[in-house]
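Asker: Please find one structure pasted underneath; my questions will follow.
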Amino acid sequence: MVIASDVQAIISHTNKVVYLEDFEIVFVKGNDVKFFSAAGAPIKKEVVTITWTADQVEKAGYKHFMLKEIHEQPRAVAAACAPHVDLEAKRVKLSDVGLSDEQLRGIERVFIIACGTSYYAGLAGKYLIEQLAKIPVECDIASEFRYRDPVIPPRSLILTISQSGETADTLAALRLAKQAGALTLSICNVRASSIDREAHGHLYMNSGPEIGVASTKAFVSTLALLNLLSLYLGQVRGALSVKDEQHALEQLLAAPSQMEAVLAYDKFFAEAAQKLKAYKGILFMGRGINYPIALEGALKLKELAYMHAEGYAAGEMKHGPLALIDERMLIVMVCPSDRNYEKTLSNLEEARARGGRIISIGTGDNHALKAVSDHYLSLPKAEWNVNPILESIPVQLLAYHVANAMGHDVDQPRNLAKSVTVE
Ligand code: M6R
C-alpha cells in the first residue's frame with residue numbers, strides 16, 4: 001500500500017489506485033485497507049486502473065524530463081486529437097465529453113478559468129472560440145475569478161483547464177461556478193483528478209505523465225483540444241461552414257509532423273544559450289492568438305532561468321515597454337504570416353530602431369523578417385489556429401537551454417511545485 005498525493009509518484013509501484021474524496025478516511029495496515037466516511041461509517045471505494053506506465057516516468061536518455069517532454073509534444077498533440085476526430089467524414093466529433101449537443105448549443109457565454117501556463121492556453125482558447133464558434137469568451141486567472149464575485153449569467157459554460165487537475169484555485173473556481181448553477185467542462189491531463197471528477201464534462205489532454213515542473217506537452221495538447229472544442233461548438237451552433245471546419249481540422253492534424261521539424265531548433269538554442277543568458281532581460285511579443293505564446297515564453301524563462309522576462313501584446317509597446325529597449329534587451333517576436341503580420345512586423349521595426357536585439361519567429365522563408373532580425377526562426381506554413389502549437393516549441397527550447405546553460409535545476413525550479421494544491 002502506498003499513499004501519495006499524485007499518481008505520478010506511485011506508477012513505478014502499481015497501476016491500481018483508489019482516490020480519496022475530501023473528508024474521507026483511510027486506514028492502512030500492511031496489505032489491509034479500510035475506508036470510512038467522515039462520520040466513521042465504513043464505505044466501499046472503487047479501485048481504478050491507471051493507464052500510465054512506469055517507463056513514461058523515465059528520462060529515456062534525455063538530460064531532463066522537460067527536454068524529453070518537449071520532444072514528446074508531437075505525440076501528445078496527436079493523442080489529444082485522436083478520440084475526437086471522425087477521419088472518414090473529416091469532421092470533429094467530441095467523444096465522451098459528457099455534455100450533450102443540446103447543452104453545447106445553448107451556451108451563450110464561456111468563462112475560461114485556469115492558472116499559469118494553463119491560463120495562457122486558455123487565453124489562446126478565447127481567440128479560437130470567439131472566432132470559430134462566435135461565442136463571447138472571458139478568460140480569468142482562477143485566483144482572481146474566485147474572489148471577485150463574478151457575474152455568471154445563465155447559459156454560461158465554465159471551462160477549467162488544469163494539467164494536474166488539483167490546482168487549488170482552479171478547483172475552488174469550479175466549485176463556485178457549480179454552486180452558481182453553471183455548466184462546467186474541464187480539460188485535464190490527470191484523469192480522475194479532483195477537477196476532472198467534479199466537472200460536468202471532460203476533455204483529456206492525453207499527454208502522459210508530465211514530470212518537469214515547467215508545463216510543456218500539456219500546454220500544446222490543450223491548444224489542440226481548444227481547437228477541437230471551438231470547431232465542434234462552431235459545428236453544433238451552425239457558426240462554421242463544413243468547409244471551414246474541415247480546413248481547420250486538416251491543418252490541426254498536420255501539426256504533429258510539422259512540430260517534428262520545429263524541434264530541430266533544439267540545436268540552435270543549445271548553441272545560442274551562452275550568449276542569450278547574458279541579456280538583461282527578454283521581451284516576448286506577439287499579436288492576436290500569438291500574444292498568449294509571448295506570455296507563455298516569458299513565464300517559461302522566468303520560472304526556469306530566473307531571468308526577467310515579459311510577455312506583451314506587440315501593439316502595446318508604444319504604451320510603455322518601448323522604453324525598456326536597448327542593446328542589452330532581447331526581443332522575441334512571434335510573427336507568423338497571419339492577419340496581424342504587417343502590424344507585428346512594423347512593431348518589430350520599432351523595436352529594432354531602439355537598438356533591441358531580435359529573434360523573430362515567422363512562417364517559411366521570410367526575407368522581411370530576416371532583414372530586421374539577428375536570428376530568424378522559420379516555422380512550417382500553417383493556419384492561424386495551429387501557429388501557436390508550432391510557436392510554443394522555440395520559446396520552450398529557449399527557456400530550457402538558457403536555464404541549463406546557467407546550471408539551474410530545470411526539472412525542479414526553485415520555489416515551485418508541480419501541483420499547487422494550496423492557495
Ligand atoms: O496543473 P495546472 O495546469 O493547474 O497548473 C497550473 C500552473 O501551476 C502551471 O501551469 C504552472 O504555471 C507551470 N509551472 C508553468 O510551467
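Asker: Non-local amide H neighbours of Arg109 (under 5 Å, H modeled in plane, Pro and chain starts lacking H): which ones?
Answerer: Here the answer is Leu157, since their amide H atoms fall under 5 Å of that of Arg109.
Asker: Right, something else. Hey, what angle do you get for helix 217-236 against the long axis of the chain, alpha-carbon based, 0 to 90 degrees rounded to 10?
Answerer: Between helix and principal axis, roughly 80 degrees.
Asker: What nm value, rounded to one decimal, do you get for the distance between Lys280 and Ala82 when each label is placed 7 Å out toward the C-beta?
Answerer: It works out to 5.0 nm between the two label points.
Asker: With everything on Cα atoms, drop me the angle between helix 341-353 and the longest principal axis of the chain, reported from 0 to 90° to the nearest 10.
Answerer: It is inclined by approximately 60 degrees.
Asker: If I take all pairs of Cα atoms in the chain, what percentage of them are more than 38 Å from each other? Could you put the intermediate results ahead of the total?
Answerer: Values: 18897 of 89253 pairs.
When every Cα pair of the chain is considered, 21 percent fall beyond 38 Å.
Asker: Dividing the alpha-carbon radius of gyration of region 276-423 by 2.2 N^0.38 Å (N being the number of residues), what value is obtained?
Answerer: Details: Rg = 15.0 Å, N = 148, 2.2 N^0.38 = 14.7 Å.
For region 276-423, the normalised Cα radius of gyration is 1.02.
Asker: Which whole-number percentage describes the relative contact order of region 327-380, with Cα contacts under 8 Å and a sequence gap of 6 or more? Numbers along the way, then the final one.
Answerer: Numbers: 85 pairs, mean separation 20.5, N = 54.
RCO, region 327-380: 38 percent.
Asker: Extending each Cα 7 Å along its Cβ direction at Ala323 and Ser257, get the distance between those two points in nm, one decimal.
Answerer: Placing both labels 7 Å along Cα→Cβ, they lie 5.1 nm apart.
Asker: In nm, what is the difference between 0.36 nm times the number of residues separating Glu316 and Ala180 and their Cα-Cα distance? Don't jump to the answer; show the numbers that get you there.
Answerer: Values: separation 136, 0.36 × 136 = 48.96 nm, distance 3.56 nm.
Separation in residues times 0.36 nm, less the Cα-Cα distance, equals 45.4 nm.
Asker: Please compute the net charge surrounding Val395, taking Lys and Arg as +1 and Asp and Glu as -1 over other residues with Cβ under 11 Å from its Cβ.
Answerer: Details: positive: Lys300; negative: Glu296, Glu391.
After counting each charged neighbour, the total is -1.
Asker: Determine, from the Cβ-Cβ distance of Glu250 and Glu46 and an R0 of 41 Å, the FRET efficiency 1/(1 + (r/R0)^6), rounded to the nearest 0.05. Can you show the working numbers first?
Answerer: Working: r = 40 Å, r/R0 = 0.98.
So, using R0 = 41 Å, E works out to roughly 0.55.
Asker: Show that you can apply the helix-only estimate: for the chain, add -39,500 (n - 2.57) for every DSSP H stretch of four or more residues, divide by all residues, and state [θ] at 222 nm to the nearest 500.
Answerer: Working: 14 runs with 165 residues, N = 423.
Computed ellipticity for the chain at 222 nm equals -12000 deg cm²/dmol.
Asker: Further, regarding this structure: Taking Cα pairs under 8 Å and at least six residues apart, what relative contact order does region 177-273 come out at, in percent? Please report the intermediate quantities before stating the final value.
Answerer: Working: 66 pairs, mean separation 14.5, N = 97.
Once normalised by length, the contact order is 15 percent.
Asker: By how many nm would the segment from Glu58 to Glu383 lengthen if fully extended, with 0.36 nm per residue of separation less the alpha-carbon distance?
Answerer: Working: separation 325, 0.36 × 325 = 117.00 nm, distance 3.47 nm.
Length gained between Glu58 and Glu383: 113.5 nm.
Asker: What is the sum of charges, Lys and Arg at +1 and Asp and Glu at -1, for the other residues whose Cβ falls under 12 Å from the Cβ of Ala60?
Answerer: Details: positive: Lys59, Lys63, Lys68; negative: Asp55, Glu58, Glu69, Glu72.
In short, -1.
Asker: Return the inverse of the average 1/r over all pairs of distinct C-alpha atoms in region 7-57, which is the Kirkwood hydrodynamic radius, in Å to one decimal.
Answerer: Radius from the Kirkwood sum: 12.3 Å.
Asker: Shape call for region 190-237 from the C-alpha gyration tensor, a ≥ b ≥ c root eigenvalues: rounded (a/c under 1.5), prolate (a/b greater than b/c) or oblate? Could the numbers behind the result be given before it?
Answerer: Numbers: a/c = 3.36, a/b = 1.43, b/c = 2.35.
Oblate, since a/c reaches 1.5 and b/c is not below a/b.
Asker: Quick query: amide H of Cys139 versus all other amide H atoms, modeled in the peptide plane; which residues come in under 5 Å with a sequence gap of 5 or more or a different chain?
Answerer: Answer set, sorted by chain and number: Ile112.
Asker: Enter the accessible area of Ser373 (Å², nearest 10), with the probe set to 1.4 Å and all protein chains included.
Answerer: Using a 1.4 Å probe on the heavy atoms, I get roughly 20 Å².
Asker: Using the Cα atoms of region 65-260, I'd like the radius of gyration and the largest Cα-Cα distance, Dmax, both in angstrom.
Answerer: According to the Cα coordinates of region 65-260, Rg and Dmax are 15.6, 46 Å.
Asker: On to the next question. List the relative contact order of region 7-57 as a percent without decimals, with contacts defined as Cα pairs under 8 Å and 6+ residues apart.
Answerer: Working: 53 pairs, mean separation 21.4, N = 51.
Worked out over region 7-57, it gives 42 percent.
Asker: What angle do you read, to the nearest 10 degrees and between 0 and 90, between the alpha-carbon axis of helix 242-262 and the longest principal axis of the chain?
Answerer: 80 degrees
Asker: At 1.4 Å probe size, with no ligands or nucleic acids counted, give the accessible surface of Asp86 in Å², nearest ten.
Answerer: 60 Å²
The values are calculated or read from the model by the stated rules, or taken from the named source; none is laboratory data. Quantities reported herein were computed from a predicted structural model and do not represent experimental measurements. Cβ coordinates were reconstructed from backbone atoms using ideal geometry, including for glycine residues, and neighbour counts include every protein chain displayed. When the accessible area is computed, the model is the full protein with side chains, heavy atoms only, and any ligands, DNA or RNA have been set aside. Shrake-Rupley method; radii C 1.70, N 1.55, O 1.52, S 1.80 Å.
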